[in-house]
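Quick notes on the structure that follows.
The values are calculated or read from the model by the stated rules, or taken from the named source; none is laboratory data. This is a predicted model, so every value here is computed, not measured. So basically every Cβ, Gly included, is an ideal-geometry build from the backbone, and we count neighbours across all protein chains shown. We work out accessible area using only protein heavy atoms, side chains counted, and drop any ligands, DNA or RNA first. Shrake-Rupley method; radii C 1.70, N 1.55, O 1.52, S 1.80 Å.
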Amino acid sequence: MRITTIGATATAVAVLASPITSTPAPVLAVPAASVVSKPAKAASVHGEARISYIESIHDDIRFTIHAEQTPFTRPMPPTAPEGLSTDARGTLKFSHSRGEVTGWAEATVDCLVTSGRTATLTAVVTKSNVEEPGARLGISVQQGGKGEPDRLGFSWGVVNVDPENIDENGQLVRPQAGSCMAPAPFTTVIKGGYKVIHAEITKSPTQPEPAPHHS
């Protein structure tokens, strides 16, 4: 994968107070069967935005992200037969237009991890005119707070470079991004935005104890 510019160029709680009375209200027992537990919240990031990138300041660069964590849904035998706690599903799309030329890619999300208003995800390219199918792309998103803009980072352009990895034409070759690996969100969103929902990662399933050895 050669580094290119084009294509690398995205409760308030209302309390209702009852009138105070001299006679306490009866306590009603709630049958256990009627108590419904809420499903665990899933980490996610959704949105679409145009970013400002210092290396292509006048270009139109956009990222659309819809990703949700789905722990232990991507088995990886023999080391992780149940999959990983950061397994995820969803889609990533980006486009980078400069004049009449547009680079674009569509990819399937395979990993997502969050922390506060920040999310890091990776996605594997399915279709593109600038990326090879099967390439894994790393994306980071930071939802802005207190009037700050959202931010986004991506694993190509000015990052993820191995100085010793040179192709036959003397060009730097971009290393493959590992799952959930992405740089800090180094660009600024100038239109649109993202919503990050944080959830702690799930503990891995208990592995069976190895059988004892008999001498």
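For region 144-168, name all the residues that are assigned to a loop (DSSP other than H, G, I, E, B), open to solvent by 70 Å² or more (accessible area, probe 1.4 Å) and of a type in the set (V, I, T). Steps first, answer last, please.
Kept after step one, since they are assigned to a loop (DSSP other than H, G, I, E, B), are these residues of region 144-168: 144-150, 155-165, 167-168.
Restricting the remaining residues to those that are open to solvent by 70 Å² or more (accessible area, probe 1.4 Å) gives 146-148, 158, 163-164, 168.
Within region 144-168, just V158 meets the criteria.
Does any residue in region 146-169 that is farther than 19 Å from A135 by Cβ come within less than 6 Å, Cβ to Cβ, of a residue that is open to solvent by 80 Å² or more (accessible area, probe 1.4 Å) and of a type outside the set (S, T, Y) six or more places away or on a different chain, and which pairs are these?
Nothing qualifies.
Would you check which residues across region 28-70 are over 19 Å from W156 (Cα atoms), part of a loop (DSSP other than H, G, I, E, B) and at pLDDT 95 or above and list them?
A43, T70, listed by residue number.
Hey, among G99, G83, G103, which residue is over 16 Å from the mean Cα position of the chain (by Cα), among the small types (G, A, S) and open to solvent by 60 Å² or more (accessible area, probe 1.4 Å)? Walk me through it before giving the result.
Values: G83 fails: open to solvent by 60 Å² or more (accessible area, probe 1.4 Å); G103 fails: open to solvent by 60 Å² or more (accessible area, probe 1.4 Å).
G99 is the lone residue from the list that is over 16 Å from the mean Cα position of the chain (by Cα), among the small types (G, A, S) and open to solvent by 60 Å² or more (accessible area, probe 1.4 Å).
Under 7 Å by Cβ, and 6 or more places apart or on different chains, what pairs join a residue from region 173-197 that is farther than 14 Å from V161 by Cβ and assigned to a strand (DSSP E or B) with one that is open to solvent by 20 Å² or more (accessible area, probe 1.4 Å) and modelled with pLDDT under 95?
Here the result reads I197/K41, each pair linking region 173-197 to a residue that is open to solvent by 20 Å² or more (accessible area, probe 1.4 Å) and modelled with pLDDT under 95.
In this structure, is I139 open to solvent by 40 Å² or more (accessible area, probe 1.4 Å) and among the aliphatic types (A, V, I, L, M)?
Values: open to solvent by 40 Å² or more (accessible area, probe 1.4 Å): no; among the aliphatic types (A, V, I, L, M): yes.
Considered against the rule, which asks whether it is open to solvent by 40 Å² or more (accessible area, probe 1.4 Å) and among the aliphatic types (A, V, I, L, M), I139 comes out as no.
Of the residues that make up region 171-193, is at least one modelled with pLDDT under 95, open to solvent by 60 Å² or more (accessible area, probe 1.4 Å) and more than 21 Å from K93 (Cβ to Cβ)?
yes
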